[in-house]
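The values are calculated or read from the model by the stated rules, or taken from the named source; none is laboratory data. Bear in mind that the values here come from a model prediction, so they are computed numbers and not experimental data. In this analysis, Cβ positions are derived from the backbone assuming ideal geometry, glycine residues included, and neighbour counts consider all displayed protein chains.
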């Protein structure tokens with residue numbers, strides 16, 4: 001039995017030795033061979049997609065975009081057992097980093113490190129798949145005579161706008177631009193050299209950008225917009241949350257801007273202040289800073305409120321009083337450093353869409369909707385007279401009301417709800433109160449060819465010279481898209497249009513504002529819902545071209561966008577400084593024009 | 001059994017209904033002209049002194065050879081080229097290179113009062129393409145976008 005075991009072990013050992021010798025004899029040594037090479041986006045953050053090389057003999061050719069190639073990871077396939085080295089360093093596919101800014105050689109040997117084959121990796125430039133102008137400017141040193149300073153273009157899609165001074169000579173300007181490596185830039189077939197080529201920019205100039213192999217082109221139109229002034233951001237007010245409806249006005253006596261607003265009640269319960277939330281606040285903007293001139297000085301404010309300054313600079317506010325039932329209108333004024341009530345219960349039923357204008361300290365007009373009618377209150381310094389407007393035909397149910405005025409007259413703009421009168425769809429009215437009586441400047445009006453007066457994109461203002469300006473929206477021109485249309489009321493009792501319609505299709509939330517500078521220039525501001533991020537755009541009517549300017553887009557670039565109605569408010573002081581405010585994330589943003 | 005017949009009947013009605021609502025398929029390449037906001041009509045003030053950009057667009061599969069679109073600018077009896085407007089884009093044609101789908105056509109408007117009793121329109125009309133495989137205007141009987149009519153008005 002013991003002998004048998006010995007024989008079995010011996011036989012097994014002999015078999016193992018024989019097997020081992022047999023295996024050694026059959027070892028396969030693959031000749032060096034590199035068959036595939038690529039750069040994968042997953043291994044290289046600078047690449048947006050995978051780039052596969054062609055391997056031709058010992059040449060490896062790959063085209064990469066214009067990216068930093070100093071630290072790229074290659075993925076390669078070699079025969080089993082092959083060893084790959086670059087400058088003596090062993091390579092691992094998908095792991096090892098190399099500098100591909102210039103050609104490098106991959107040396108592949110068999111598993112014994114013998115029979116080396118050198119593969120040269122040639123990296124060339126791939127044609128730009130999205131040729132574009134990525135920067136555009138007129139450098140001051142290259143346009144010293146015409147401009148004297150550098151002007152940087154704003155690139156929006158394929159349009160490049162450059163704001164230039166009003167009187168600049170734009171017939172011979174040298175543009176500086178950047179584009180992707182290998183791209184060619186031409187204008188009317190003439191190759192452009194950044195910082196060298198001269199063009200006449202009296203009309204828009206189209207730059208064609210062509211990629212390396214001509215397979216993709218793009219066109220960029222450069223338009224120079226003559227600017228009357230410049231918009232700059234002012235300090236944001238965020239001491240307390242600001243509710244919708246804040247309004248900025250300028251004291252006609254000393255040009256100091258005032259803002260009145262309702263304090264916003266935060267959604268979070270622990271952030272609320274029941275004593276102050278939803279009550280009125282007032283601010284002044286003095287020496288570049290906001291000053292509080294009234295804090296939670298009212299009853300709780302309902303859904304609507306408005307603010308005005310009399311010609312002598314006395315502030316008045318009107319608001320839907322949320323502390324009474326029904327919620328009717330209360331009016332307060334500021335004098336001697338405190339706020340006091342000058343009118344309560346202006347109305348007998350709940351009011352809405354409340355607006356007011358002070359012709360004088362003792363002539364304040366409140367217009368509002370009550371019981372589906374326009375309802376007016378007039379303060380004469382000691383008492384209120386209330387009722388409808390006799391001159392307003394049929395007192396149709398209003399959809400919206402706005403007010404404006406000066407020291408002589410108050411004006412009410414209103415849009416009738418649906419076919420409230422004579423089957424006219426959302427007709428609009430402009431009514432004038434001269435301190436004694438009302439008259440109609442326009443009633444139940446709908447522009448010929450329009451489906452309706454737009455229920456966004458409207459506002460009314462009175463210019464420093466007393467001219468009434470109106471911005472409304474309609475689709476009269478093509479029965480399809482709604483555009484802003486600005487009109488003014490002439491001394492002869494007619495209305496005339498200011499320029500063509502503004503080149504912007506009204507969105508459903510285009511709550512616009514109109515303001516007139518002391519030199520008579522008309523400005524319109526509106527939320528550009530189509531921009532990303534959303535912006536507040538401002539255009540002005542260019543008296544030289546009789547055309548609306550290209551828009552200037554304002555936004556603080558903090559990544560926070562306004563939601564819904566940004567509650568624009570827009571006014572000029574007597575020296576031509578513009579103040580434009582809006583609300584974003586319960587903060588009051590302001591831009592100044594000068 | 002009754003349920004089976006009801007289901008069959010419902011399916012038949014549904015199929016018949018779908019067939020009736022089937023819309024014609026328009027998938028041929030086409031070319032159109034419009035304003036910057038996509039309209040085929042526009043109004044300009046008679047006193048305007050500015051250049052306005054209009055656009056000719058093409059809709060087709062990706063292409064490698066340039067496509068040429070010819071256009072003509074004509075006007076009514078109330079306005080005249082050189083007096084009321086100038087065509088800035090030369091040659092009556094725009095060339096679309098590969099990757100470009102919209103080309104500008106510009107008119108410089110001049111301050112000149114018009115007689116409102118006359119035809120004060122300026123029309124940009126597409127007259128042909130090369131290659132000639134493009135439908136002029138959006139596909140469909142209305143051929144919307146085959147021309148853009150701009151009316152000059154005393155505002």
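Residues in the stretch A:492-507 include at least one that is crowded, with 21+ Cβ neighbours inside 10 Å, within 13 Å of another protein chain (Cβ to nearest Cβ) and farther than 18 Å from residue A:547 by Cα.
For the stretch A:93-102, the criterion of being under 30 Å from residue A:167 (Cβ atoms), assigned to a loop (DSSP other than H, G, I, E, B) and modelled with pLDDT of 95 or more is met by no residue. Residue-level analysis places residue A:66 outside the set of residues that are in contact (Cβ under 8 Å) with a residue 60 or more places away in the chain, under 45 Å from the mean Cα position of the chain (by Cα) and crowded, with 16+ Cβ neighbours inside 10 Å.
The residue list A:172, A:154 contains one member that is within 23 Å of residue A:537 (Cβ to Cβ) and surrounded by fewer than 18 Cβ atoms within 10 Å (Cβ to Cβ), which is A:154. If you go through the stretch A:203-222 and pick out every residue that is more than 8 Å from chain B (Cβ to nearest Cβ) and part of a strand (DSSP E or B), you end up with 5.
Check whether at least one residue in the stretch A:512-522 is on the phi > 0 side of the Ramachandran plot and in the same structural domain as residue A:439 (by TED's automatic domain parsing), and report yes or no. The answer is yes; a qualifying residue exists. Quick one: is residue B:62 within 11 Å of another protein chain (Cβ to nearest Cβ), assigned to a loop (DSSP other than H, G, I, E, B) and out of contact with any helix residue (DSSP H, G or I) (no Cβ under 7 Å at 6 or more places or on another chain)? Considered against the rule, which asks whether it is within 11 Å of another protein chain (Cβ to nearest Cβ), assigned to a loop (DSSP other than H, G, I, E, B) and out of contact with any helix residue (DSSP H, G or I) (no Cβ under 7 Å at 6 or more places or on another chain), residue B:62 comes out as yes. Residue count for the stretch B:106-130, restricted to those that are buried (at least 21 other Cβ atoms within 10 Å of the Cβ) and part of a strand (DSSP E or B): 6. Scanning the stretch B:106-119 for residues that are away from chain A (no Cβ under 11 Å) and touching a residue at least 60 places away in the same chain (Cβ under 8 Å) yields a total of 3. Of all residues in the stretch B:82-92, those satisfying the criterion of being within 28 Å of residue A:208 (Cβ to Cβ) and surrounded by fewer than 18 Cβ atoms within 10 Å (Cβ to Cβ) are B:86, B:88, B:90, B:91, B:92. The residues of the stretch B:88-104 that are within 11 Å of chain A (Cβ to nearest Cβ), modelled with pLDDT of 95 or more and not in a loop (DSSP other than H, G, I, E, B), listed by number, are B:94, B:95, B:96, B:102, B:103, B:104. Residue B:83 meets all of the listed conditions (1) within 21 Å of residue A:502 (Cβ to Cβ); (2) at pLDDT 95 or above; (3) assigned to a loop (DSSP other than H, G, I, E, B) but one, namely (1). Against the numbered list (1) in a strand (DSSP E or B); (2) more than 19 Å from residue A:586 (Cα to Cα); (3) modelled with pLDDT under 95, residue A:233 comes up short only at (2).
Checking A:314, A:329, A:308 one by one, the residue that is closer than 23 Å to residue A:406 by Cα and surrounded by fewer than 19 Cβ atoms within 10 Å (Cβ to Cβ) is A:314 and no other.
Residues checked against (1) assigned to a strand (DSSP E or B); (2) closer than 25 Å to residue A:439 by Cα:
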| position | (1), (2) |
| --- | --- |
| A:297 | no, no |
| A:325 | no, no |
| A:331 | yes, yes |
| A:358 | yes, yes |
| A:364 | yes, yes |
| A:367 | yes, yes |
| A:389 | no, yes |
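Each row is one residue, and each column tells you yes or no for (1) surrounded by fewer than 20 Cβ atoms within 10 Å (Cβ to Cβ); (2) under 23 Å from residue B:43 (Cβ atoms); (3) over 14 Å from the mean Cα position of the chain (by Cα); (4) within 14 Å of chain B (Cβ to nearest Cβ).
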{"position": "A:533", "(1), (2), (3), (4)": "yes, no, no, no"}
{"position": "A:543", "(1), (2), (3), (4)": "yes, yes, yes, yes"}
{"position": "A:546", "(1), (2), (3), (4)": "no, yes, yes, yes"}
{"position": "A:551", "(1), (2), (3), (4)": "no, yes, no, yes"}
{"position": "A:555", "(1), (2), (3), (4)": "no, no, no, no"}
{"position": "A:569", "(1), (2), (3), (4)": "no, no, yes, no"}
{"position": "A:577", "(1), (2), (3), (4)": "yes, no, yes, no"}
{"position": "A:585", "(1), (2), (3), (4)": "yes, no, yes, no"}
{"position": "A:592", "(1), (2), (3), (4)": "yes, no, yes, no"}
